[in-house]
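Novice: Quick one: this structure, given as structure tokens, is what I'll be asking you about.
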Amino acid sequence: MKLPPLLSLPSPCKGLARCVLVLAALLASLVTVRAAAPGKAPNVIFIATDDLNDWVGPLDSPIKAKTPNLDRLAARGVTFLRAQACGAFCAPSRSALFTGRHPSTTGAYTTQVYWRDHPELRPLQVALQEAGYRTYGTGKLFHHPAGYVDLRGWTEFHVRTQAQREAGWPVDSWRQGAPLPTPMPYSRFTREQRTGADRTFMEYAPLPNEVEKDMADTQQTDWAIRMLQGSHDKPFFIALGLYAPHFPNYAPQKYYDLYPLEEIKLPPIKEDDSIDLPPAVRKFMDNRKKNIHDRLNQLGEMKEVLRAYLASTSYADAQLGRVLDALEASPERDNTLVIFWSDQGYHHGEKGQWGKHTLWDRTAHIPFIWAGPGIARQGKVATPVSAIDLYPTLVELCGLSPDAGLEGQSLAATLRDCSKAKEREVLLCDITRGGYTLVNSQWRYIHYADGTEELYDLREDRNEWFNLAGQEKYRPVMEAMKGRAPKEFAAPGPETKELRLITEGERFRWEPKKNKGERKAKKPEQE
């Protein structure tokens, strides 16, 4: 960097003056790096993970995976500390994010296929393509079983094998030639507790380090990097869906080695946590606790399962790092937004649960990090936001055509200046029509479809151990929040167990089953 000649100054001032000029030049260069070229739409790299909760470096959690690349991304941009998922498990969460509409509007509460039931909706990738973007997708962006990928609007959607293209485009990470452990299933819990052909829930295994290159998430990251490294005459949208850390937690041994068993910490658990829950919820949750949490304790497998999740999280973080390295080496580095998110969080014994499908913080709380041109560096936002805000934010940042039906809020102003963040309540719908949670900086209000309720003071009770809904003094809080819930909840569309998947070459469609006597298709995995 060539500096202008110094003015004639008294000698004690020359050093100070040069420092001022150097600092000014450096600041100018930073502004140049951070600002997009005038009139040029920013590229977008969009990285989704599956079941990743807040156990990551940039978030305030008592248990943390080693995530140096998420730390690196957070240092470059804005971290939303209280981001909430927009669905209680994979399928509805992803449907909500891509359509920008809650399940209460689309009826996609469980395994519904949004593009079948609502072909009139314009998903995110179509909006970007209509705005002149080249759109590239790979991995678990939509729900993973066959028949879920919305193929509209993609310049190219990549799967690893031709067999996948001819079988309804499934995007799981453990079939289609991916490396598997010996024996399989590997974990003691899976071998002793699970039955049926698909025994992946709570399954884990360290794999030889040399097979990392053959793993599905690695290969799909390879493809996303190749798309990034290509020649671009138009803005691009590269969407990479990582399956990790969803079960089965297969990860190379080196990631397991990051977490010695003797150093694993268990999350805080209150043994009688269900005592103040509504009766139906308590019955369901106690049964799930008995079948999973209590059995894990009996088998002595708790720390092994936690280590597997942490190892898979670090493996996913390594894939993010490879994308960031490729972007840094790319001529597009100064004009590319990077967005990292998870479809929902995950319970690891908290409230006696393992999994998601709840309206509590463990399911709802997700990493949500943005970096790129015009976005503040090292920013942190403590007020709640929702992953459903992603679509309207890109409408503003990328100049997409407005869509009056979008239900999130643009975060563009907050990304530029974190002090612009405003207090609000965000919605997460249950898997049952009429159930939901609303959360703000102090309260989580839960309303179930049967009319029962929960209320937690998040400032005083971070673990959501004490349900306040039965105390009359909190009735005004609950009524106020209830009044801001959706007035109507759409009827649910048909679940995939009520439909038949028809494949024709590389295309597929869903049709109603012809008669009640037709054999039911296996329900797609919801674990």
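Novice: Select from region 230-246 the residues that are under 20 Å from the mean Cα position of the chain (by Cα) and part of a loop (DSSP other than H, G, I, E, B) and write down the one among them that is farthest from residue 204 (Cα to Cα).
Specialist: Our first condition is that a residue be under 20 Å from the mean Cα position of the chain (by Cα); within region 230-246, this holds for 237-246.
Those still in the list that are part of a loop (DSSP other than H, G, I, E, B) too: 242-246.
Working: 242: 17, 243: 14, 244: 11, 245: 10, 246: 10 Å.
Looking at residues that are under 20 Å from the mean Cα position of the chain (by Cα) and part of a loop (DSSP other than H, G, I, E, B), I get 242.
Novice: Would a scan of region 283-304 turn up a residue that is assigned to a loop (DSSP other than H, G, I, E, B) and without any contact (Cβ under 8 Å) to a residue 60 or more places away in the chain? Outline the logic, then answer.
Specialist: First, the residues of region 283-304 that are assigned to a loop (DSSP other than H, G, I, E, B): 300-301.
This time we only want the ones that are without any contact (Cβ under 8 Å) to a residue 60 or more places away in the chain, so: 300.
Yes: one or more hits.
Novice: Name the residues in region 468-504 that are within 15 Å of residue 428 (Cα to Cα) and among the basic types (Lys, Arg), would you?
Specialist: 482, 484, 487
Residues are listed down the side, and each one gets a yes or a no for (1) in contact with a helix residue (DSSP H, G or I) (Cβ under 8 Å, 6 or more places away or on another chain); (2) in a loop (DSSP other than H, G, I, E, B); (3) over 25 Å from residue 408 (Cα atoms); (4) of a type in the set (Lys, Arg):
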| site | (1), (2), (3), (4) |
| --- | --- |
| 450 | yes, yes, yes, no |
| 463 | yes, yes, yes, no |
| 469 | yes, yes, yes, no |
| 473 | no, no, yes, yes |
| 479 | no, no, no, no |
| 485 | no, yes, no, no |
| 489 | yes, yes, no, no |
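Novice: In region 434-445, how many are closer than 30 Å to residue 493 by Cβ and not in a loop (DSSP other than H, G, I, E, B)?
Specialist: Residues that pass the stated criteria total 6.
Novice: Determine whether residue 172 is surrounded by fewer than 21 Cβ atoms within 10 Å (Cβ to Cβ), at pLDDT below 95, within 20 Å of the chain's Cα centre (by Cα) and not basic (Lys, Arg). Walk me through it before giving the result.
Specialist: On the way: surrounded by fewer than 21 Cβ atoms within 10 Å (Cβ to Cβ): yes; at pLDDT below 95: yes; within 20 Å of the chain's Cα centre (by Cα): yes; not basic (Lys, Arg): yes.
Yes; evaluated as a whole, the condition is true for this residue.
Novice: Which of the residues spanning region 107-121 are under 18 Å from residue 509 (Cα atoms) and in a loop (DSSP other than H, G, I, E, B)? If you could, list the steps in order and put the result at the bottom.
Specialist: Start the filter on region 107-121 by keeping residues that are under 18 Å from residue 509 (Cα atoms), which leaves 108, 111-121.
Once the filter is applied, which keeps residues that are under 18 Å from residue 509 (Cα atoms) and in a loop (DSSP other than H, G, I, E, B), region 107-121 yields 108, 111, 112, 113, 118, 119, 120, 121.
Novice: So is residue 280 of a type in the set (A, V, I, L, M, F, W, C), modelled with pLDDT of 95 or more and within 30 Å of residue 142 (Cβ to Cβ) or not?
Specialist: The answer is no for residue 280.
Novice: Of the conditions (1) surrounded by fewer than 16 Cβ atoms within 10 Å (Cβ to Cβ); (2) within 19 Å of residue 353 (Cβ to Cβ), residue 429 clears all except one; give me its number.
Specialist: Going through (1) surrounded by fewer than 16 Cβ atoms within 10 Å (Cβ to Cβ); (2) within 19 Å of residue 353 (Cβ to Cβ) one by one, residue 429 breaks only (1).
Novice: So, one more: If you go through region 253-267 one residue at a time, do you hit one that is without any contact (Cβ under 8 Å) to a residue 24 or more places away in the chain and aliphatic (A, V, I, L, M)? Even if it seems obvious, please write down each step before you answer.
Specialist: To start, the set of residues in region 253-267 that are without any contact (Cβ under 8 Å) to a residue 24 or more places away in the chain comprises 257, 260, 262-263.
Checking the rest, the ones that are also aliphatic (A, V, I, L, M) come to none.
There is no residue in region 253-267 that is without any contact (Cβ under 8 Å) to a residue 24 or more places away in the chain and aliphatic (A, V, I, L, M).
Novice: Keeping to region 411-433, report how many residues are within 30 Å of residue 452 (Cα to Cα) and either in contact with a Ser or Thr (Cβ under 6 Å, 6 or more places away or on another chain) or part of a loop (DSSP other than H, G, I, E, B) (or both). Even if it seems obvious, please write down each step before you answer.
Specialist: First pass over region 411-433, keeping only residues within 30 Å of residue 452 (Cα to Cα): 422-433.
Now restrict to residues that are either in contact with a Ser or Thr (Cβ under 6 Å, 6 or more places away or on another chain) or part of a loop (DSSP other than H, G, I, E, B) (or both): 422-426, 428-433.
Count: 11.
Novice: Select from region 99-156 the residues that are over 17 Å from residue 493 (Cα atoms), crowded, with 23+ Cβ neighbours inside 10 Å and basic (Lys, Arg) and list them in ascending order.
Specialist: Passing the criteria: only 140.
Novice: Test each condition in (1) at pLDDT below 95; (2) buried (at least 21 other Cβ atoms within 10 Å of the Cβ) for residue 403 and report the one that comes out false.
Specialist: For residue 403, the exception is condition (2).
Novice: Which of the residues that make up region 66-86 are of a type outside the set (Ser, Thr, Tyr), within 23 Å of residue 260 (Cβ to Cβ) and crowded, with 24+ Cβ neighbours inside 10 Å?
Specialist: 70
Novice: Next question, about the same structure. Since residue 219 meets every condition but one in (1) over 18 Å from residue 357 (Cβ atoms); (2) touching a residue at least 12 places away in the same chain (Cβ under 8 Å); (3) exposed (fewer than 13 other Cβ atoms within 10 Å of the Cβ), which condition does it not meet?
Specialist: (3)
Novice: Given the residues 248, 208, 235, which is the only one that is in contact with a strand residue (DSSP E or B) (Cβ under 8 Å, 6 or more places away or on another chain), buried (at least 19 other Cβ atoms within 10 Å of the Cβ), within 26 Å of residue 189 (Cβ to Cβ) and not polar (S, T, N, Q)? It would help to see each step written out before you state the result.
Specialist: Numbers: 208 fails: buried (at least 19 other Cβ atoms within 10 Å of the Cβ); 235 fails: within 26 Å of residue 189 (Cβ to Cβ).
Of the residues listed, the single one that is in contact with a strand residue (DSSP E or B) (Cβ under 8 Å, 6 or more places away or on another chain), buried (at least 19 other Cβ atoms within 10 Å of the Cβ), within 26 Å of residue 189 (Cβ to Cβ) and not polar (S, T, N, Q) is 248.
Novice: Residue by residue through region 272-282, note down the ones that are without any contact (Cβ under 8 Å) to a residue 60 or more places away in the chain and not in a helix (DSSP H, G or I). Write out each step before concluding.
Specialist: Of the residues in region 272-282, the ones without any contact (Cβ under 8 Å) to a residue 60 or more places away in the chain are 272, 275, 282.
Correct list: 272 only.
Novice: Now a separate question. Inside region 340-378, can you point out the residues that are under 22 Å from residue 276 (Cβ atoms) and assigned to a strand (DSSP E or B)?
Specialist: 347, 348, 354, 355, 365 - these are the residues of region 340-378 that are under 22 Å from residue 276 (Cβ atoms) and assigned to a strand (DSSP E or B).
Novice: Within region 379-410, how many residues are polar (S, T, N, Q), free of Cβ contacts under 8 Å to residues at least 60 places away in the same chain and assigned to a loop (DSSP other than H, G, I, E, B)? It would help to see each step written out before you state the result.
Specialist: First, pick out the residues of region 379-410 that are polar (S, T, N, Q): 383, 386, 393, 401, 409-410.
Okay, now just the ones that are also free of Cβ contacts under 8 Å to residues at least 60 places away in the same chain, so 393, 409-410.
With the extra rule that they be assigned to a loop (DSSP other than H, G, I, E, B), the set shrinks to 409-410.
The total comes to 2.
Novice: Do any helices (runs of 4 or more DSSP H) lying entirely in region 129-229 carry at least 2 residues that are within 27 Å of residue 501 (Cα to Cα), and which ones are they?
Specialist: Values: elements: 162-165, 188-193, 216-229.
Answer list for region 129-229: 162-165, 216-229.
The values are calculated or read from the model by the stated rules, or taken from the named source; none is laboratory data. These numbers come from a predicted model, not from an experiment. We place every Cβ from the backbone using ideal geometry, glycine too, and count neighbours over all the protein chains shown.
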